[in-house]
Amino acid sequence: MEMTLNVNGRDHRLSLDSRTTLLDALREHIGLTGSKKGCDQGQCGACTVHLAGRRVLSCLTLAAAVQGRAVTTVEGLAQGENLHPMQAAFIAHDAFQCGYCTPGQLMSAVACVREGHAASDEAIREYMSGNLCRCGAYPKIVAAIREAAPQMAPKMERA
């Protein structure tokens, strides 16, 4: 099936099987390996990307279903050498250990703030609960989100 996917502001013309997931299209066909294949069942959040501004699990989303809609991956958060405020906060708070879940955590964290769910630690924990961290960096992730949230207000349209 011929299709064009708009990923991080760039069109990619692809020929894919109609059953190809967005995650596999991103990793195997476009070469963007930031989104991780964790469980491949939509339970861990490692594959989280933004689709038309909303977070989705790319392992459960068919690539063919996203044509004509903007996809943003973790590679698309930074603006050149300028990190997104959430990326900078994750670094400042050491909100990762092994780093495997970090791309999905970042994408969900940006969405959590954009959706208005970063007013309290409890709300952050609830709205980030679909993203698992095997290392247990949750307190640092929450701290990073709390720090980045006020910095994101004027920059949310780019994320």
For peptides 118-125, 143-150, 99-106, sequence by mean Cβ density within 10 Å, most packed first: 99-106, 143-150, 118-125
Over the range 1-67: Kirkwood hydrodynamic radius from C-alpha pairwise inverse distances, Å: 11.8 Å
Relative contact order %, the range 85-158, counting alpha carbon pairs below 8 Å whose residues are six or more apart: 49 percent
Correct option for volume of the Cα convex hull per residue in Å³ [calculated from the coordinates] among (i) 100; (ii) 129; (iii) 121: (i)
Most mobile listed residue (53, 136, 42) in the chain, GNM with C-alpha springs under 10 Å: 136
Rounded to 10°, Cα long-axis angle of helix 102-114 versus longest principal axis of the chain: 70 degrees
Cα-only radius of gyration and Dmax that characterise the range 85-158, units Å: 10.9, 33
Folded to 0 to 90 degrees: helix 138-152 orientation relative to the chain principal axis, Cα: 80 degrees
Cα-only Debye scattering, the range 33-122: base-10 log of I(q)/I(0) at q = 0.26 Å⁻¹: -1.47
Karplus 3J(HN,Hα) series, Hz, for the range 86-91 with 6.51 cos²θ - 1.76 cosθ + 1.60 (x for Gly, Pro): 5, 4, 4, 5, 4, 5
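None of the figures in this text is laboratory data; all of them are computed from the coordinates on show. Just so it is clear, the structure is predicted and the values come from calculations on it, not from any experiment. Positions of Cβ are generated from backbone atoms using ideal geometry, with glycine treated the same way; all protein chains shown enter the neighbour counts.
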